[in-house]
1. Please determine, by comparing only the residues of segment 269-297 that are outside any strand (DSSP E or B) and either among the basic types (Lys, Arg) or out of contact with any helix residue (DSSP H, G or I) (no Cβ under 9 Å at 6 or more places or on another chain) (or both), which one is farthest from Ile141 (Cα to Cα).
2. Right, Lys205: among the basic types (Lys, Arg) and in contact with a helix residue (DSSP H, G or I) (Cβ under 9 Å, 6 or more places away or on another chain) or not?
3. So which of Ser249, Ser273 is at pLDDT 95 or above, at negative phi and surrounded by fewer than 19 Cβ atoms within 10 Å (Cβ to Cβ)?
4. Determine which member of the set Val111, Val192 is outside the structural domain of Ala241 (by TED's automatic domain parsing), touching a helix residue (DSSP H, G or I) at 6+ places or on another chain (Cβ under 6 Å) and surrounded by 15 or more Cβ atoms within 10 Å (Cβ to Cβ).
5. Cβ-Cβ below 6 Å, separation at least six or inter-chain, first residue in segment 219-239 and in a helix (DSSP H, G or I), second among the hydrophobic types (A, V, I, L, M, F, W, C) and at pLDDT 95 or above: which pairs?
6. Specify which of the listed residues (Ala177, Ala172) is surrounded by fewer than 17 Cβ atoms within 10 Å (Cβ to Cβ) and over 22 Å from Trp112 (Cβ atoms).
7. Considering only residues that are crowded, with 21+ Cβ neighbours inside 10 Å and of a type in the set (Gly, Ala, Ser), which ones fall in segment 252-270?
Amino acid sequence: MKNEHLSPPLKGESKGVRIVFMGTPDFAVQSLSRLLEEGMNVVGVVTMPDKAIGRHHDVLQSSPVKKFAEEKGIPVLQPEKLRDETFLDELRALKPDLQIVVAFRMLPQVVWALPPLGTFNLHAALLPQYRGAAPINWAIINGDRETGITTFFLDEQIDTGRIILQERIPIAEDDCAEDVHDRLMMQGAELVVKTVRLIESGEAKAIDQSQFMTDEPLRPAPKIFKDTCQIHWKSHTLESAYNFIRGLSPYPAAWTPVIANGKETEMKVFRASKGSGPLQVELPGGVLSLDEVQLAGKKRMPVADLLNGTKLSIIY
């Protein structure tokens, strides 16, 4: 993985490989920011099209990555379709040597195979475990005590490419998805910088994921939908319900059907604890207290505040 194809930078140009960065949410902004802080030559950004919001869908909202890139004066591409020839021509015109993907979408080969140094992805798990869209959530839901971050080169399948670097972090007993997300976002940004340095120097040693396989079954990390988030109390133990709630907090949030002041509705649960409380559920293994909640159409609040004016019962 040498860089013989690269010509010396002209006077006044940024040094280093020409990078196109692809990402959408806040998780990706930190990595892009660190690349710029390190003086790396980010020549363009690819992100999702602006999203229509508002009651009449008449307001367009830019992605966090687009907002940041525009503040820094970096050209932004927002393709509806990644195989669109106009987009591909614009991407080729940027002449990327390397592409970096952080929380974006699956790329077709015509895109990821474009740069001579390849395209690598930052994944919020220790591959080959938790391939898929929601690795942070599923690691906590499954009760893992450790997770990590991986950079790997893209190939034809989702999250199966050769691994460049990995780093581990612990998951604390009371961590929620937001806690782990924020730590991995910061640590992942540093790993992106390290990975670029290795590739620039020609010292990156990508290893096939088969070398990381163990006797432990692979756990997937599929996309999470509203139905996924419903708490089916009869299928949970104390430990599994506790992990389920913190693994989905604060977004998209676990929820349960309830009766509130005589009407059936839904209630999100953002925080729970093991032990008794004002609103509790008896489960195999002990009692779970629901501590911070949100009724449909209401604000998020401590459960004691909700019970102050609401007669509430959980539907099992």
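1. Applying the first criterion (outside any strand (DSSP E or B)) to segment 269-297 yields 275-279, 284-285, 296-297.
Now restrict to residues that are either among the basic types (Lys, Arg) or out of contact with any helix residue (DSSP H, G or I) (no Cβ under 9 Å at 6 or more places or on another chain) (or both): 275-276, 296-297.
Numbers: Gly275: 19, Ser276: 22, Ala296: 23, Gly297: 26 Å.
Looking at the filtered set, the residue picked out is Gly297.
2. Values: among the basic types (Lys, Arg): yes; in contact with a helix residue (DSSP H, G or I) (Cβ under 9 Å, 6 or more places away or on another chain): yes.
Judged against the criteria, Lys205 is a match.
3. Details: Ser249 fails: surrounded by fewer than 19 Cβ atoms within 10 Å (Cβ to Cβ).
Every option except Ser273 fails the conditions.
4. On the way: Val111 fails: touching a helix residue (DSSP H, G or I) at 6+ places or on another chain (Cβ under 6 Å).
When all the criteria are applied, what remains is Val192.
5. The qualifying pairs are Cys229/Leu248; Cys229/Ala254; Cys229/Trp255; Leu238/Leu283; Leu238/Leu288.
6. Details: Ala177 fails: surrounded by fewer than 17 Cβ atoms within 10 Å (Cβ to Cβ).
Result: Ala172 is the single residue among Ala177, Ala172 that is surrounded by fewer than 17 Cβ atoms within 10 Å (Cβ to Cβ) and over 22 Å from Trp112 (Cβ atoms).
7. Selection gives Ala254 alone.
Condition check ((1) of a type in the set (Lys, Arg); (2) within 20 Å of Thr150 (Cβ to Cβ)) across all residues:
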site: Val59; (1), (2): no, no
site: Val76; (1), (2): no, no
site: Leu88; (1), (2): no, no
site: Arg92; (1), (2): yes, no
site: Ile100; (1), (2): no, yes
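The values are calculated or read from the model by the stated rules, or taken from the named source; none is laboratory data. Predicted, not measured: the structure shown is a model, and the values here were computed from it. Here Cβ is always computed from backbone atoms with ideal geometry, including for glycine, and neighbour counts include all displayed protein chains.
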